[in-house]
Amino acid sequence: MRLAGKVALVTGSSQGIGQAIAIRLAEEGANVVINYRSNPEGAQETLDKVVNAGGQCHMVEGFTVQADTGMVADVQRMVDQSVAHFGKVDILVNNAGIEKNADFWDVTEADYDAVLNVNLKGVFFGTQAFVKHLMATKQPGKVINISSVHEELPFPHFAAYCASKGGLKMLTRNLAIELAPLGITINNVAPGAIETPINTKLLNDPEKLNALLANIPLKRLGKPADVASMVAFLASSESDYVTGTTFIVDGGLLWNYQEQ
Ligand code: BGC
């Protein structure tokens, strides 16, 4: 029970990695705000699992908030509603993310904006709203961003996605310095290929899937729970001396290079 008494807000937690994080933090004793954009059924499923996860040891509460994290007014309202409901937020997990597959020369302004708004702008201003809450209440806090191996690794045909994740890497390093005097830590978790809805197309294409598996030294895709356990550590006081860094959770994918 590393998070008893804490409140965690997890963006994009109606499915995939975000859902696993919400459940895992509840297992650690945290009350959880579940954010969704367009999937209320998924958010309800997460809520049921959160309550169930906490229920085994002691009461854990969940609360769902609809917000498009690509919109600044929405992320600010999301933080306000979370504070209004639970009285505070201690942990912000910026998990919501989207990607669009297109050749660089075909990327539209609308697709570029959609990706950058959710993956970077929403994180920027959501974190700002969270930091203002912590400053007003003179509390320490933890920010955990779900980035990607593609904050380092090129991903052809996903140029906007890579730009957003590279930006997230630098934002984290910058804020680590600026927020440290406030007792706020910030870190990235960089998943590799994880079995989630963002990957549905790939998972259903045996040829592409096998090519990907050949590049993963641990020879399997990751599970959302593999990412959630790293987040649980970063959300807990066990990581109090850790800030401004990225934790790669990818089965060895990123640094795998072999000469044939
Ligand atoms: C992307 C996935 C991709 C994985 C490994 C993730 O960041 O969202 O689409 O399969 O990286 O390349």
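The values are calculated or read from the model by the stated rules, or taken from the named source; none is laboratory data. Here the structure is a predicted model, which is why all the values come from computation and not from measurement. So basically every Cβ, Gly included, is an ideal-geometry build from the backbone, and we count neighbours across all protein chains shown.
Do any residues in the stretch 185-210 that are at pLDDT below 95 have Cβ atoms under 9 Å from those of residues that are of a type in the set (D, E) and crowded, with 16+ Cβ neighbours inside 10 Å, where the two are at least six apart or on different chains, and which pairs are they? Close Cβ pairs satisfying both conditions: I198/E99; L203/E195.
I need a count of the residues in the stretch 243-260 that are touching a Lys or Arg at 6+ places or on another chain (Cβ under 6 Å) and among the hydrophobic types (A, V, I, L, M, F, W, C). Going through the stretch 243-260 one residue at a time, the tally reaches 0.
Restricting to the stretch 82-115, name every residue that is within 22 Å of K201 (Cα to Cα), surrounded by fewer than 23 Cβ atoms within 10 Å (Cβ to Cβ) and in contact with a Phe, Trp or Tyr (Cβ under 9 Å, 6 or more places away or on another chain). Scanning the stretch 82-115 gives I98, E99, K100, N101, A102. Only helices (runs of 4 or more DSSP H) whose full extent lies in the stretch 155-224 are considered here, and the ones with at least 1 residues that are away from the ligand (no atom under 11 Å from the Cβ) and either in contact with a Leu (Cβ under 8 Å, 6 or more places away or on another chain) or not small (G, A, S) (or both) are 159-179, 206-214. Scanning the stretch 138-154 for residues that are near the ligand (Cβ under 10 Å from one of its atoms) and crowded, with 18+ Cβ neighbours inside 10 Å gives I146, S147, S148, V149, H150, E151.
M135 meets the conditions (1) of a type in the set (A, V, I, L, M); (2) more than 16 Å from the ligand (Cβ to nearest atom); (3) buried (at least 16 other Cβ atoms within 10 Å of the Cβ) in every case but one. The failed one is (3).
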